[in-house]
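None of the figures in this text is laboratory data; all of them are computed from the coordinates on show. Remember, predicted model here, so these are calculated numbers, not experimental data. All Cβ positions, even for glycine, are placed from backbone atoms using ideal geometry, and neighbour counts span all protein chains on display.
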Amino acid sequence: MQRLQGKVAWVTGGGSGIGEAAAIALAAEGAAIVLTGRREAPLVDVAEWIRGTGGTAHVQPGDLTDPAAVRRIGAYIQNEVGRLDILLNNAGININDRHWDKLTPENALLMIAGNLAAPAQCVTAALPIMRAQQDGLIIHTASMAGRFIGGFPGPLYTAAKHGVVAMSHSINMQECVNGIRS
């Protein structure tokens, strides 16, 4: 159908799972894809698959908990790709010792950094590009933990994902005047 011909989508966590499937689906609709994740090799594999089907894919590996990496990827998108229509904030982190009886201060920080701060940083990189276009769509993979409280995902994963849902609502309230939806 090619409904996204001429559009660009930045997919975080694009080397496997939901991110990989979303990147392939967006590319099948004609979007050029910018793939980001911590591990370059899986991103290259997904990019090669997309290119093999006639699509366009860019590989920009990086640790999204690092503000400098997010700035670098945002600058690449703006300067080399030239536009950004969709940000799929999919990357996230979870750990085995995620419950209060096993959490350490370091792991607590990791959970918030990987599941709330990283998506927020990606939004700050995407918004200037989208504002200039007066158009954009931001999609967050918040999981059911972003809507409901349960024991299994762990308290900080759940708290971070609730924060992502709140962030999405605030983007809608503040950026609707710029044609940006979340």
request  = Examine the range 44-54 for a residue that is within 19 Å of residue 141 (Cβ to Cβ) and either of a type in the set (A, V, I, L, M, F, W, C) or part of a strand (DSSP E or B) (or both), and state whether such a residue exists.
outcome  = yes
query = When the residues of the range 30-57 are filtered to those that are acidic (Asp, Glu) and more than 20 Å from residue 114 (Cα to Cα), which remaining residue is farthest from the chain's Cα centre (by Cα)?
reply = 48
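Yes/no per residue for (1) under 19 Å from residue 19 (Cα atoms); (2) assigned to a loop (DSSP other than H, G, I, E, B); (3) among the aliphatic types (A, V, I, L, M):
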site: 87; (1), (2), (3): yes, no, yes
site: 98; (1), (2), (3): no, yes, no
site: 109; (1), (2), (3): no, no, yes
site: 174; (1), (2), (3): no, no, no
message = Restricting to the range 87-122, give me the number of residues that are surrounded by fewer than 21 Cβ atoms within 10 Å (Cβ to Cβ) and in contact with a strand residue (DSSP E or B) (Cβ under 6 Å, 6 or more places away or on another chain).
response = 0
Hits in the range 156-169 - residues which are more than 17 Å from the chain's Cα centre (by Cα) and free of Cβ contacts under 8 Å to residues at least 40 places away in the same chain = 158
note = Result of the Cβ filter at 6 Å on the range 63-74, keeping first residues that are more than 21 Å from residue 111 (Cα to Cα) and partners that are assigned to a helix (DSSP H, G or I), at least 6 apart or interchain, is 74/125
key: Subset of the range 126-155 [within 11 Å of the chain's Cα centre (by Cα) and either within 13 Å of residue 74 (Cβ to Cβ) or surrounded by 21 or more Cβ atoms within 10 Å (Cβ to Cβ) (or both)]   = 126, 138, 140, 142
